[in-house]
Amino acid sequence: MKNSYTSTCFGKTLPFLVLLLLSITTHAQVGIGTTTPAASSALDITSTTQGLLTPRMTTLQRTNIPTPADGLLVYDTSLKSFYYFNTTPAPGSWIKINAAANQRDNYKLVKSVSDFPTPSGGKITLDENTLYEINGLITLTDPIELNDAQLLGSDAGEDILFKATGDVFTGTTGGNIKNLTITG
């Protein structure tokens, strides 16, 4: 018996066609609310009346996620805050994303002397129980009354309080100073 690779189509005998299966890799973006998603996005959601709702869970549920991926984002209903997972350094940790409503109201970032309270009576009186984060070189013209406030720098080599002449600090109430260089 003769082997024949033929096929019958519409009543006619045709030679059997061998199809090669090709693997083609394509890149596409998904658009929700748009027919033209941004080329750099995997998912482009466009709306002027609705938002993105992330998974919501309690702190216990969030911390019990097995092997969370780097960058995993959830809303913690117990703590009323967003958290993302950072895998570095191992074993990784959940990082809180602060919104203005969740931030402390007794914190001031100081990048210039104008970020301190306005001088009065020849001195700058800091707000009581407030954390002042010094960022860079701050040149003082008046001494500082700590008033039970805290002055904090991130790098003592770069975060500097400088006063050309006279006292840098004055008054009778102390405070807390950490990671700052004080020169004059």
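Computed from the coordinates by the stated procedures, all read-outs in this text should not be read as laboratory data. Just so it is clear, the structure is predicted and the values come from calculations on it, not from any experiment. FYI the Cβ positions are ideal-geometry reconstructions off the backbone, even for glycines, and counts take in every protein chain you see.
Using the Karplus relation 6.51 cos²θ - 1.76 cosθ + 1.60 with θ = phi - 60°, the per-residue 3J(HN,Hα) values for the range 154-161 come to 8, 9, 4, x, 10, 9, 10, 9 Hz, with x marking Gly and Pro.
A cut-off of 5 Å between modelled amide H atoms, ignoring neighbours fewer than 5 places along the same chain, links F82 with D76, I97.
Exposure proxy shown here: for Y75, Y83, the number of other Cβ atoms within 10 Å sets the order, fewest to most, as Y75, Y83. Simple point charges give the picture: +1 on the Cβ of Lys and Arg, -1 on the Cβ of Asp and Glu, and for the range 107-183 a dipole about the Cα centre of about 100 debye.
Within a straight-line Cα-Cα reach of under 19 Å, K178 can be paired with the following aspartates and glutamates, leaving aside sequence neighbours fewer than 8 residues apart in one chain: D115, D127, E128, E133, E145, D148, D155, E158, D159, D167. 3J(HN,Hα) along the range 49-55, derived from phi through the Karplus expression 6.51 cos²θ - 1.76 cosθ + 1.60 where θ = phi - 60°, amounts to 10, 9, x, 8, 10, 7, x Hz, with x in place of Gly and Pro. Contact order for the range 70-129, expressed relative to its length and based on alpha carbon pairs under 8 Å spaced 6+ residues apart, stands at 18 percent. Prolate is the label for the range 46-184. Its Cα gyration tensor axes, ordered a ≥ b ≥ c, give a/c of at least 1.5 and a/b above b/c. In this structure, the amide hydrogen of L180, modeled 1.01 Å from its nitrogen in the peptide plane, lies closer than 5 angstrom to those of G153, counting only residues at least 5 positions away or on a different chain.
Sort R62, R56 so the one with the fewest other Cβ atoms within 10 Å of its own Cβ comes first. Present the calculation step by step, with values, prior to reporting the outcome.
Details: R62 21, R56 11.
Ranking R62, R56 by Cβ neighbours within 10 Å, fewest first, gives R56, R62.
Across all directions, the average projected area of the convex hull around the alpha carbons of the range 56-102 is 3.2 nm². With R₀ fixed at 45 Å, the C-beta to C-beta distance from A90 to A28 puts the FRET efficiency at about 0.85.
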